[in-house]
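The values are calculated or read from the model by the stated rules, or taken from the named source; none is laboratory data. In this text the structure is predicted, and so the values were computed from the model without any measurement. For neighbour counting, all protein chains shown are included, and Cβ atoms are generated from backbone atoms with ideal geometry for every residue, glycine included.
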Amino acid sequence: MIFYTFLLFITTLNLCKCDQFDLKVLTVTGKYTDETEYTVNATSELVILFPPVSTTNPFRIITSSLGAKKVAPVLVVVRQAKQVSSWQLPTLVQSTMRHSELSFYTASKIMCHDDMASIVNPSDFRPGPLKTSQSFIVALSTSSSRNVGVVLKVAEEKNFYVELNKTYSLDVSPSEPKYVYFSSKNSSTDTVIIKIDSPDNICLTVSVQNSTCPVLDSNKDITYEGFFETVTTQGAITINKKAFKYGFFLVFVAKPDNYDCGQKKSIIPVPGKTFKIAFSNRTSVVTFSINDNMNYKDYLIVSSLTLLIFILMGIVLFIMTGVFFKWGALSKINLNTIDDQLMDSNPMSMVQVNKLLGDRDVRLTNLAMNPLKDTKKSFNYLWHICSIALFYSIPVVQLVVTYQRVVNQTGNQDLCYYNFMCAHPLSGISDLNHIFSNVGYVLTGLMFIFITLHRQARVPLRFEIGIPVHYGLYYAMGVALIIEGLLSASYHVCPTQSNYQFDTSFMYVMAVLCMVKLYHNRHPDINASAYATFSLLGLAIFFAMVGILNGTLTIWIIFVITYGCICLYLSFKVYFFSYILEGVKKFRTDITELGYTVDTLIPIKRGLFILLFIVNVVNFGMLISGILLYNSPSLDFGTFLLGLLMANSILHCFFYTAMKIIHKERICLEATIYGVLAIAFWCSASIYFFDAATLWTVTPAESRVKNQECIVADFYDRHDVWHLLSAPALFFTFMLLQCLDDDLINVHHREIEVF
């Protein structure tokens, strides 16, 4: 392209004296910093010679012409010692709308210094003081038969070489790009962070390019070199200095419209949000600074401290577990009650079923008649979750690694939704801290599995004594916590609009497992099987995928109807102890025999009915809220579904604890301590969860507006803190569920009430 432009210039300069046009080439000498108006027409071409000048600063060629027309533009060709640049007045910039373009009657361009290589790396040249020189030949021509005035100015760029920890400001438009140079020698750290702010809601492309000429500073070619991202009012890029040995150019180019930064460009547009081109004013005032970031040694120190904290936490927890086993509720366990000949009973007869349905005071002995079968069913959860985790995780890891490689190869920072104000790169990974902060899930999951192993060794399965403890569910919960950490880390390798479910799928699993465990405590024989549970979870993840990709009102309505039907079905199943048909028949028989009386209409199991009523009111209330807010950019389908499941899990936990108190069962000290710790960590974590630093439901440029600074050790941001706090919160929740019924460790099943 440069060769073609140069050839065109030479041809125009020397060979275009045609008889029919009688073209005259006029040569004048130009003066630096002077703003001079020249006149050109179809019969005359003007060549302005700017003599050699010795300065390390580059020059900007500024041109303007109010009389230029699109049909006969003024052509500007600038020749330097090593390169040729050209543009026209008016400058036409194609917008994203079909057959639409913007005309700019002022255009300017920074000419890359002829001796830039020696300026950025003087050690490669002979010793002595650095000598630089640059000169320009500017040719002005037009095909207009009328005289056209052109104002030309060649001005030195005074603030071209930017320094560390200083704030700079410049104006950018589509026809007047700007760029500056930063030397890596100015920084003593391994990485630097570029912070960008603008009061104007104008879409910009910001690029970091190697310190070699030419600089790609137009909308068409800026994405062909280095790292780049779109920015409106706020942006940031963290740069590894190893990628730019001698420093880099920081390039700013304004786009002709906001399409690339608006909802029209989003893969998942927010329904109902309008899109405006906004052609009126495309000049943006940009403020930026380049600051030192962290060294890799600092990464190691912070990550080591994080691991140390979790290790100390694990040591304390194992000591607490030992103390509780020695002096707590479990110290009173009577192992002499173990029955070595466990036998499963036959299925209930209709007489037993009718008695169960009509009895106001159901005891655990009626629903724990198949201990061996229930034990096998509980371990099915473990094998299912291990299989699902294996087959689910492999393609997830493959996909996000591919995303990261694409980011590294293309330099496109718009592919992943990082918090760029606090993203620490390392060895090809763009955002190390958000990946590493998930280590808490893995460590606490391992702790819970080891504590469960210890508990299983101390408290074996006993027939007709205590709450049935089926350890397969506990192991499944521990594995789910570990896999959540691994999948969340995978998601944060490259968060996008298409892989958000990787971060939440096993949160769905843990929420459902908590509800299953609570129900299992008093209903072991009729608890949901692993097949049914994971099939329902698969349906939930399917809806999450569809809702994320196409969250239209129709999809929301279909989900609400489906979810509402499932809620009603499960409510009947819980109330009638899985014997729905028998329960309905009994109700119909009572109406036939006794009529519509108080005894027939008032629920037999009032406490259970009140719980189910409250749960359904809460669920349908949340469903209605979701329908009303479905087009809100702050609400996405995946998070809404997670909120539904988490709310149900919390409701069941509070209800179970309340019913224990109502039935005069004691909450042991262990459960109280774990419950208080769980609530404390959940409350602390929630503060950081709702103050998000990214928003994947919008475009990358809109998401950057929410980016926030690091808040812990200059390494972790608010979402990292959510990871680090929610991991212990989940762990203590699991520990609460594990020891909630330790007060019944020696109580016979016939004395334990079902609720």
Fill in the blank from the handout: When (1) buried (at least 19 other Cβ atoms within 10 Å of the Cβ); (2) in contact with an Asp or Glu (Cβ under 6 Å, 6 or more places away or on another chain) are applied to Pro90, the one that fails is (2)
Practice task
State yes or no: is Leu473 in a helix (DSSP H, G or I), touching a Lys or Arg at 6+ places or on another chain (Cβ under 7 Å) and either modelled with pLDDT of 90 or more or within 30 Å of Val353 (Cβ to Cβ) (or both)?
Solution key: yes
Exercise for the section: Output yes when any residue across region 87-98 is modelled with pLDDT of 90 or more and assigned to a loop (DSSP other than H, G, I, E, B), and no when none is. Expected result: yes
Practice task
With the condition kept exactly as written, say whether any residue in region 380-397 is in contact with a Phe, Trp or Tyr (Cβ under 9 Å, 6 or more places away or on another chain), within 24 Å of Val302 (Cβ to Cβ) and part of a helix (DSSP H, G or I).
Solution key: no
Problem - Lone qualifier among Ser703, Ser684 - being outside any loop (DSSP other than H, G, I, E, B), surrounded by fewer than 20 Cβ atoms within 10 Å (Cβ to Cβ) and out of contact with any Lys or Arg (no Cβ under 8 Å at 6 or more places or on another chain) - result: Ser684
Exercise for the section: Within region 535-571, count every residue that is touching a Gly at 6+ places or on another chain (Cβ under 6 Å) and modelled with pLDDT of 90 or more. Expected result: 0
Practice task
Confirm whether Gly445 is surrounded by fewer than 19 Cβ atoms within 10 Å (Cβ to Cβ), among the small types (Gly, Ala, Ser) and either under 20 Å from Arg718 (Cα atoms) or touching a residue at least 12 places away in the same chain (Cβ under 8 Å) (or both).
Solution key: no
Practice task
Would you check if Asn499 is touching a His at 6+ places or on another chain (Cβ under 7 Å) and in contact (Cβ under 8 Å) with a residue 12 or more places away in the chain?
Solution key: no
